[in-house]
Amino acid sequence: MSFGPTRLQPLHRDILNQYPDQIASFERGDLEWSSNEFTELKKSLRLSLRAQQEGRCIYCRRKITVERRNATEDIEHFLDKSKGKYKKWAFTAVNLALSCHPCNMQKSTRDMGDAGVSGAVELTEACGEYSWIHPYFDDYFENIEIMDAWLYIIKKDAPKPERARKLIQDCLLDQIKTIEADKVAIMHRIGRLHNLAARCVLKNPERAKKILDYTGNFVKNGWKYV
Ligand SMILES: [Zn+2]
């Protein structure tokens, strides 16, 4: 089971290049990020990033809920576009990723870069120090290991242990409340699968067996799906 790519590639640069006039208007302050002029661009960005991220949040690596995707999937600016010093990177490919709503809430308006980053002309791996594991410049799984039932461990030889520690801590990735909520969701789904198998058992025993096999696997690995 994959938890998504270890680092992102700026594959959506071509999409951004299709909207030079709108982006220039944004930079002049004539258009807001929320403007309808950006609806199509955002839609294309979401599709591209969703595919690359395998539908997972870039920070916690959980599946972003499918049923209410628009309500829970946020286009995330690693460097917060609402800060004047980072506004210039609102449409920079390596500053964009998708996060789940809970992670985005925890990140809020935290400052993710130091003076080197904010003063840089071009956003690169070496232009300064970042607070968290960077979606494009760091290797997520060289730094963090996700163990059974969403236990986040900083890797022993992590190249950026401080960034990993801050991400886990600030995003509340090890918070017991989150783990408990997952448990409830898993139990609920197991209950539904069990009822479905029970309804099939007389009319379609073959299907009932398939559902029970799936349920068995879900009991073991269900945490990876929530
Ligand atoms: Zn998340």
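Along the stretch 120-128 the Karplus relation, 6.51 cos²θ - 1.76 cosθ + 1.60 evaluated at θ = phi - 60°, assigns HN-Hα couplings of 5, 8, 10, 7, 9, 4, 9, 6, x Hz to successive residues, with x for each Gly and Pro. Straight Cα distances below 23 angstrom link LYS160 to the lysines LYS107, with same-chain residues fewer than 8 positions distant left out.
In the chain, the calculated helix contribution to ellipticity at 222 nm averages -13000 deg cm²/dmol per residue, counting -39,500 (n - 2.57) for every DSSP H run with n ≥ 4. Listed by Cβ neighbour count within 10 Å, with the fewest neighbours leading, VAL201, VAL117 appear as VAL201, VAL117. Counting pairwise Cα distances across the chain, what percent come out greater than 27 angstrom? For the chain, the fraction of Cα-Cα distances above 27 Å is 41 percent. About its Cα centre, the stretch 177-225 has a charge dipole of approximately 120 debye under the convention of +1 per Lys or Arg Cβ and -1 per Asp or Glu Cβ, with nothing else charged. When restricted to Cα atoms, the stretch 47-169 yields an Rg and a Dmax of 14.3, 41 Å, respectively. For LYS224, the lysines whose Cα falls under 21 Å of its own Cα, not counting residues fewer than eight places away in the same chain, are LYS63, LYS155, LYS177, LYS183, LYS210. Only Cα pairs under 8 Å and 6+ residues apart enter the sum, and on that basis the relative contact order of the chain stands at 17 percent.
Every number here is computed from the coordinates shown, using simple stated rules; none is lab data. This one's a predicted model, so the numbers in the text were calculated from it and none came from an experiment. Here Cβ is always computed from backbone atoms with ideal geometry, including for glycine, and neighbour counts include all displayed protein chains.
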